Amino acid sequence: MSRGLSVLLCAAVSGVAFAGGARPHAATRPFIEQLLVDGLGFSAAQLAAVRRGEPVTAALPGSVDRELVLAGAIRVAAPVERTVAIMRDIERFESGVRFLTRQRLSDPPRAEDFARFTLTSGDIAALRRCRPGRCDVKLDAEAFPAVAAIDWAATDAAERANVVLRSRALAYVEGYRQRGAGAAFVYRDRERPIVAAQEFADMVTRSRPLGLLAHELSALLLQYPVARPPGGDEGFYWSVSDLGLKPVFRVHHVVLLRPDAASDLRHVMATRLLYANHYFNSALDVRALIDDPSQPGDAHILVTVSLARLDGISGLLGRVARRRVREASRQALATTMVTTRDRAQAR
């Protein structure tokens, strides 16, 4: 790990205490309390609930009106290594009725990695009507000619549509791995094009909660692939989730960092959205494991900050879609926290 990251994380968590109270040398309130109360807006009642081992989630204000910001925390009465092992198991980490399918990509990614993904009948019907600037499936400029070339009267039209989406998803990952923000993926499904890398950078740099929890990790993602996690602790996967009116196909980059052994902040995992076929222009989930000083080595707190920039769907349908995505995302966050805690404590 870089010296800068080690210094930052050690400074951030010095004097951390949770159920056991502040350390004698700490001049300020415990870091975990500052983070949850001052940084993430938890009330005193919510802080007490976390101490009791209950899952707590909170919706925070975003930097723009279409930004979704969620925070969550839960105490896990188990060694931190158990939770790390669960988080590393990408295909099983997020579970519940809203998580439909997940698959880790090979290294390097291959076309076969996306073979299980299939579009819904609704998405296939939407693709038949797609034009640049007017499409109900989120696409980049290079996808539209491939969609237009499909013979929709052919018996294999649906499979050809699947091939287009699979190939574009693979292209997004390959471009990002090679050039990062330089790949310049641009959504063209709306009248106003959205440059995904610019949307991500603006979302991350303006986020105060993220700055408190994982500033250096955010910088690494902004500089990727020039900056990479120490030891190459990263991976890619795709998922299909039920987050509102329709299933959402997404492609992710996940990075796991481990601070110095002396730090109370034991591990930080970031999951960056590379592509989504509905609702999302950009997203980032950061999960941090923080030691519980009242039971060192035997308990820790899982803290999550989730950021997302939603697309600009207008009108009544847009308001309904955004509200459902917010509600479903908060439910999914709570479910993941509880499932992670229970799996870790059951081992």
* **Qualifying positions in the stretch 65-77 - more than 19 Å from residue 209 (Cβ to Cβ), hydrophobic (A, V, I, L, M, F, W, C) and buried (at least 20 other Cβ atoms within 10 Å of the Cβ)** => 76
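Determine whether residue 241 is surrounded by 19 or more Cβ atoms within 10 Å (Cβ to Cβ), in contact with a Ser or Thr (Cβ under 8 Å, 6 or more places away or on another chain), of a type outside the set (D, E, K, R) and touching a residue at least 40 places away in the same chain (Cβ under 8 Å). Break it down into steps so the answer makes sense when it comes.
Details: surrounded by 19 or more Cβ atoms within 10 Å (Cβ to Cβ): yes; in contact with a Ser or Thr (Cβ under 8 Å, 6 or more places away or on another chain): no; of a type outside the set (D, E, K, R): yes; touching a residue at least 40 places away in the same chain (Cβ under 8 Å): yes.
It is false that residue 241 is surrounded by 19 or more Cβ atoms within 10 Å (Cβ to Cβ), in contact with a Ser or Thr (Cβ under 8 Å, 6 or more places away or on another chain), of a type outside the set (D, E, K, R) and touching a residue at least 40 places away in the same chain (Cβ under 8 Å).
Working only within the stretch 164-184, note down all residues that are among the charged types (D, E, K, R) and crowded, with 18+ Cβ neighbours inside 10 Å.
The initial filter retains those residues of the stretch 164-184 that are among the charged types (D, E, K, R), namely 166, 168, 174, 177, 179.
Within the stretch 164-184, 166, 168, 177 meet the criteria.
Of the residues that sit in the stretch 85-109 and are assigned to a loop (DSSP other than H, G, I, E, B), charged (D, E, K, R) and in contact (Cβ under 8 Å) with a residue 40 or more places away in the chain, which one is nearest to residue 137 (Cα to Cα)? Walk me through it before giving the result.
Residues of the stretch 85-109 assigned to a loop (DSSP other than H, G, I, E, B): 89, 94-98, 105-109.
If we keep only those that are charged (D, E, K, R) too, we end up with 89, 94, 98, 107.
Still in the list and also in contact (Cβ under 8 Å) with a residue 40 or more places away in the chain: 94, 98, 107.
Working: 94: 24, 98: 20, 107: 28 Å.
Per the stated criteria, the residue is 98.
Taking the conditions exactly as written (surrounded by 21 or more Cβ atoms within 10 Å (Cβ to Cβ) and within 21 Å of the chain's Cα centre (by Cα)), does residue 204 satisfy them or not? Give the steps one after another, and end with the answer.
Details: surrounded by 21 or more Cβ atoms within 10 Å (Cβ to Cβ): yes; within 21 Å of the chain's Cα centre (by Cα): yes.
The answer is yes for residue 204.
Here's the yes/no breakdown for (1) under 16 Å from residue 92 (Cα atoms); (2) buried (at least 22 other Cβ atoms within 10 Å of the Cβ):
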| position | (1), (2) |
| --- | --- |
| 219 | no, no |
| 222 | no, no |
| 229 | no, no |
| 233 | no, no |
| 246 | no, no |
| 249 | no, yes |
| 252 | yes, yes |
| 274 | no, yes |
| 278 | no, yes |
* Taking only the stretch 36-83 into account, find how many residues are touching an Asp or Glu at 6+ places or on another chain (Cβ under 9 Å), more than 22 Å from residue 341 (Cβ to Cβ) and part of a helix (DSSP H, G or I). => 0
* Asked: Does any residue in the stretch 113-130 that is without any contact (Cβ under 8 Å) to a residue 24 or more places away in the chain and outside any loop (DSSP other than H, G, I, E, B) come within less than 7 Å, Cβ to Cβ, of a residue that is of a type in the set (Val, Ile, Thr) and crowded, with 20+ Cβ neighbours inside 10 Å six or more places away or on a different chain, and which pairs are these?
  -> 126/137
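Residue by residue, here is whether (1) farther than 23 Å from residue 224 by Cβ; (2) buried (at least 17 other Cβ atoms within 10 Å of the Cβ); (3) among the acidic types (Asp, Glu) holds:
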residue: 162; (1), (2), (3): yes, yes, no
residue: 187; (1), (2), (3): no, yes, no
residue: 192; (1), (2), (3): yes, no, no
residue: 200; (1), (2), (3): no, yes, no
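A quick yes/no check of all residues on (1) assigned to a helix (DSSP H, G or I); (2) modelled with pLDDT of 95 or more; (3) farther than 19 Å from residue 98 by Cβ; (4) among the aliphatic types (A, V, I, L, M):
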site	(1), (2), (3), (4)
294	no, no, yes, no
316	yes, no, yes, yes
329	yes, no, no, no
341	yes, yes, no, no
* Asked: If you go through the stretch 210-267, how many residues are farther than 14 Å from residue 284 by Cα, hydrophobic (A, V, I, L, M, F, W, C) and modelled with pLDDT under 85?
  -> 6
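Please verify whether the stretch 148-157 includes one or more residues that are buried (at least 16 other Cβ atoms within 10 Å of the Cβ) and either out of contact with any Lys or Arg (no Cβ under 7 Å at 6 or more places or on another chain) or in a helix (DSSP H, G or I) (or both).
Initial filter on the stretch 148-157 (buried (at least 16 other Cβ atoms within 10 Å of the Cβ)): 150.
If we keep only those that are either out of contact with any Lys or Arg (no Cβ under 7 Å at 6 or more places or on another chain) or in a helix (DSSP H, G or I) (or both) as well, we get none.
Scanning the stretch 148-157 turns up no residue that is buried (at least 16 other Cβ atoms within 10 Å of the Cβ) and either out of contact with any Lys or Arg (no Cβ under 7 Å at 6 or more places or on another chain) or in a helix (DSSP H, G or I) (or both).
The values are calculated or read from the model by the stated rules, or taken from the named source; none is laboratory data. Only a predicted model underlies this, so the values are computations on that prediction, with no experimental measurement involved. Every residue, glycine as well, gets a Cβ built from its backbone with ideal geometry; the counts of neighbours run over all protein chains shown.
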